Each structure stands twice: as structure tokens, then as C-alpha cells.
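Have a look at the structure below before the remarks.
The values are calculated or read from the model by the stated rules, or taken from the named source; none is laboratory data. Remember, predicted model here, so these are calculated numbers, not experimental data. Neighbour counts run over all protein chains shown; Cβ positions are idealised from the backbone, glycine included.
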Amino acid sequence: MSTHWTKFAITAVSTLTLAACHMQWVSPYSADLQKRATDMLSEVVTWEAHMRSVAGTVAADPRHPDVQAQLAKWQGEIEAMSEIEIGIDPGSTSCDAFLQSISKGVGQLELTLQKEVSILSSDMNSYTHCETLPSIFTKMMVQVSGGIKNKENKESVGIPKELNKGDDKVGVPIILEQQCKIPWLEDDYFTQMKEGKATAGSPLPARPQSNSATQRVPSTNEEADIKNRCLNALTQTPGTSHSTIVDSLITDLDAIIYREGRQAPVASK
Amino acid sequence: MPISDDIYKALQAGANAGAAAASAAGANLNDDVNKFVVPHLMDISIQVASIIQKHKVGTYSDITAKALIDSEEDAIETLVETMIALSVLAAQIIVNSIIDALNAAVNAELGFAFLA
């Protein structure tokens, strides 16, 4: 008897929770999120064109303060978009985790649960889906900060580790490091540049200047090679509208804009 | 660009296999697939073909090529997750199906197991 009531209680609680998940099936439309994604898309395309124009120079080196500042700015924008999404749909990730846990852990009860849900609401046949937009922000953050694709994150929402692919370093900073870093310039050169910007107008430099920037003169071939390598990463791929280095980031932004557009009220489309 | 055609066919085969499984489970993905996924898959095919060609001629190092292909795989994941009416687990199975097809196409083009 008590087992029967326990099952009933679990079923009732689970059904109500699923109903709540269903209510959050697709997160609400956010004009702010859509505008931020559109603005960032415009910035990425503009930045790509600028970087192409300065490819092979100090200005395209990943250590340059302006390059680092732009990537840091995007990190802030992604963080802000992520917060907006969590703010308008706070249950999204826990909803997915819950659905995965009940489908694995309760076994037979799930069948009962489906029956109960179908009795409660005939349009709940898609209840096994929850909003997955937050993972886009994680991927975008990796793209602008450089990092390792993390297999562990997805286990929290019930996806077995063996189903996750990839553990290599990815992202714009990694590609710039490989393709656009000027080998004859020491890090110190860029540190001085940063300090110069930070102390512009100051009567005294922050520290004595060194001559590391002029320690080695590159050959013409070296200069041509770095320009060619950097330009290749930043040149628009024929048949597409942008270069490979920003393709993933642009797809993510397109996805946010598309999803928000799909959810927008008819009058605002 | 013949390489991109081969890769696109591989990606589309992976996407179709996944979408068929989702369709059997009652999810209708046609609208999202036609409006959003297919155009972007074509774009990814061209980008991956470009990465392979640049890697072959030595413009891209192994690290660059792998990082860029990994990023394209992330883009595939985003495309699949954008489709409405998919559970997270179904989405991951579709993603893996497409990425396996992509890896096979890239390895076949290069003639060795560049991607695991």
C-alpha cells in the first residue's frame, strides 16, 4: 500500500514538474537578446574585415592590446546574453537534467508517467525537450577565449561521456596564435604597448623602455610568410560570406537570431 | 569544389539519418531543417573543404586544421540543437552521426586517420 502511494506521489510530483518543463519548452522571446546577437554579428564581420586589412602586421598579432580588448569585449557580451537567457528561462538546464534522470532512473514509472501526462494534456507529446540555448553561450565563450572543448559539461544533463566528441583546443585566439603571431617580436613589445596605452599622457613611463622590438630584423621571406599565413585564416572562403576563423561564432549568432525570430510575436517579425 | 560536395553529401547523410530517427519518434523537423540547417551545412562543407586544402599545402598546421574542424563540429552541434522538438539525447545522437560522417569524409580525403 505504501509502495503504491509512494509511486503515486512520485508520479504526481514528476507530472507537475514535467508540466512546468513543458511551459518552458521553448524559452520566451527576448528582443534584447535578438538585438545583442545581431549587434555582435555585425561587430564580428567588421572585425574580420579589419583584421584582414592588417594581416601580417603587429595589429593582427593575438598579443596586440586591441585584439585582446575586442575578444574580451565579446566575452562580456556573451556573458550578458547568457544572463538574459537564464533570466527569462531560469529552469532550462535543470529541466533537461531532470528529464534525463527520470528516463534513466525510474524505469517502469516512466511508462506510467507518460500515461498520466497524456491524460492531463493531449498536447504534451513533446515533453522530453527542454531549451538548450545555454550551451550555445558556452561554445561561443570557448570560441572567443580559446580553450578546450569540455566533455564533462554535458554529463550534468545526462549525456553519457562516450557520446561526446572532441577534446582539442579551439577558438579564435588559438588560430591567431598559430597563423598571425609575429615570431620576431617578443611578448615584452606588446607589454610595453599596453603600458604605453594605459599611461598615455603620463609624464614618466611606467618602467624603463627596452629595445626588444628591434632586436631582430625579419627577412623579406619571413614577412611574406607570416602575412600569407595570417591572410589565409582571415580571407573570406569562396562560396561563403566569411572566413573559417569566425564561422563557428557566426553560426552560433545566426542560431540565436533564428531562434529568437522563430519565437517572436507575429507583429514584431 | 568536389571535396566540399563529398563532405556535404556525408553531412547530409548524417543529418538525414538523425532526422529520420527523430521523425520516427514523432518530431517534425522539416521547417527548421529546410530554413536553417541545410544552408548552414552547405556552408560548413565549403569551410571544411577549404581547411583540408590549406592543410594539404601546408598553410595550416595540424593544430590549426584540427582547431578549425573542431569549431566546425561545434557549429554542427549548434545547428542540430537549434531544431525544435528534439530531446538533448536525440540531439547528441544526431550530432554524433553527422560528425562521424564528417570525420570519415575528411580522413578519406587526406588518406589517413587525421580525425578520430
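Here B:GLN47 meets the list (1) assigned to a helix (DSSP H, G or I); (2) surrounded by 24 or more Cβ atoms within 10 Å (Cβ to Cβ); (3) more than 7 Å from every other protein chain (Cβ to nearest Cβ) almost entirely, failing just condition (3). Consider region B:63-86 and keep the residues that are touching a residue at least 40 places away in the same chain (Cβ under 8 Å) and not β-branched (Val, Ile, Thr). The one that is nearest to A:ASP225 (Cα to Cα) is B:ALA65. For region A:35-55, indicate whether the set of residues that are surrounded by 14 or more Cβ atoms within 10 Å (Cβ to Cβ) and at pLDDT below 95 is non-empty. For region A:35-55, residues surrounded by 14 or more Cβ atoms within 10 Å (Cβ to Cβ) and at pLDDT below 95: absent. Looking across B:GLY26, B:GLY58, one residue alone is surrounded by fewer than 16 Cβ atoms within 10 Å (Cβ to Cβ), modelled with pLDDT under 85 and on the phi > 0 side of the Ramachandran plot. It is B:GLY26.
Are any residues in region A:38-73 among the charged types (D, E, K, R) and in contact with a helix residue (DSSP H, G or I) (Cβ under 6 Å, 6 or more places away or on another chain), and if so, which ones? Reasoning before the result, please.
From region A:38-73, those among the charged types (D, E, K, R) are A:39, A:43, A:48, A:52, A:61, A:63, A:66, A:73; that's our starting set.
A:GLU48, A:ARG52, A:ARG63 - these are the residues of region A:38-73 that are among the charged types (D, E, K, R) and in contact with a helix residue (DSSP H, G or I) (Cβ under 6 Å, 6 or more places away or on another chain).
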